[in-house]
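The values are calculated or read from the model by the stated rules, or taken from the named source; none is laboratory data. Predicted model, so just to flag it, every value in this text is computed and none were measured. So basically every Cβ, Gly included, is an ideal-geometry build from the backbone, and we count neighbours across all protein chains shown. Heads up: the accessible areas ignore ligands, DNA and RNA and are worked out on the full protein's heavy atoms, side chains in. Shrake-Rupley method; radii C 1.70, N 1.55, O 1.52, S 1.80 Å.
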Amino acid sequence: LKSGQRAHVINYVYGGPHAQRLGMLINPGRPIPPGATAVHRIRNEDVAAAPPLAEIAGRFLQRVAEVDILVGYNIPFDFAILDRQLGEAWRQVIAGKPLLDALALVRSHRVGAFWKGKGRHKLGNVAERLRVHRFGKAHRASSDAQVALGILYDQSHQTPPCEHCAQQWLDLVAEQDRERFEAWKANNPRPQR
């Protein structure tokens, strides 16, 4: 990311001294599975009084429409959820915007493809390894987005200089990563129980 350029994260805007955050819990309208709570520590009680996505969707989409670049960590996962929930409005607001996925960069041969250990590419572990500071709690959108942006900023020397070139390279890296994973799965079938 170029110095001085406004780089935006889905709900964290990094604009120097005028940084803004839009971070809130959303009521999913159904119970949170215990496995999900074990990961992100958000309980049903925490979201009971929170607004549903439909109530804040307009505000959220307006914020995304104002940004130049979308940055995230494992973008396909989050964007699939947003696409299911917001549909065409989501697709329109992100159309043509560069999407920079810090996880694709981390998994590339230029950064962490050869790191060892379980969880080596998890956001918190990567932030710790690269000494990217976290503001706020883990697994909160604005905090995780800030960390993803910090990783991209810290490793920006590894990416092409323009946003669209960087996106194309990151997309290629992600596709190669998917192909390697599919090949590994084909050669390592799950044992029968």
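A few notes on this one:
- Only Cα pairs under 8 Å and 6+ residues apart enter the sum, and on that basis the relative contact order of the chain stands at 24 percent.
- The chain: projected area of the alpha-carbon convex hull, averaged over directions, in nm²: 12.8 nm²
- Antiparallel bridges, percent of DSSP beta bridges restricted to the chain (to nearest 5): 45 percent
- Dipole axis of the chain (+1 Lys, Arg; -1 Asp, Glu on Cβ), positive-most option in Ala80, Ala48, Pro34: Pro34
- Net charge dipole size for the stretch 63-120 [Lys, Arg +1 and Asp, Glu -1 on Cβ; Debye, nearest 20]: 460 debye
- Normalised by residue count, the stretch 45-111 yields a Cα convex hull volume of 114 Å³ per residue.
- Probing with 1.4 Å while keeping every protein chain in the model, the per residue accessible area of the chain equals 63 Å².
- Amide hydrogen proximity for Ile69: with H placed 1.01 Å from N in the peptide plane, the residues at 5 or more positions away or on another chain lying under 5 Å are His8.
- For the options Ala80, Ala127, Ala166, a Gaussian network treatment of the chain with springs between C-alpha atoms closer than 10 Å singles out Ala80 as fluctuating the most.
- Of interest is the spacing of the C-alpha centroids, which for the stretch 97-127 and the stretch 162-193 amounts to 13 Å.
- By accessible area with a 1.4 Å probe, ligands and nucleic acids excluded, highest first: order of Asp171, Asp83: Asp171, Asp83
- Ligands, DNA and RNA aside, Arg180 has an accessible area near 130 Å² when probed at 1.4 Å.
- Charges were assigned to the Cβ only: +1 to each Lys and Arg, -1 to each Asp and Glu. The resulting dipole of the chain about its Cα centre is roughly 760 debye.
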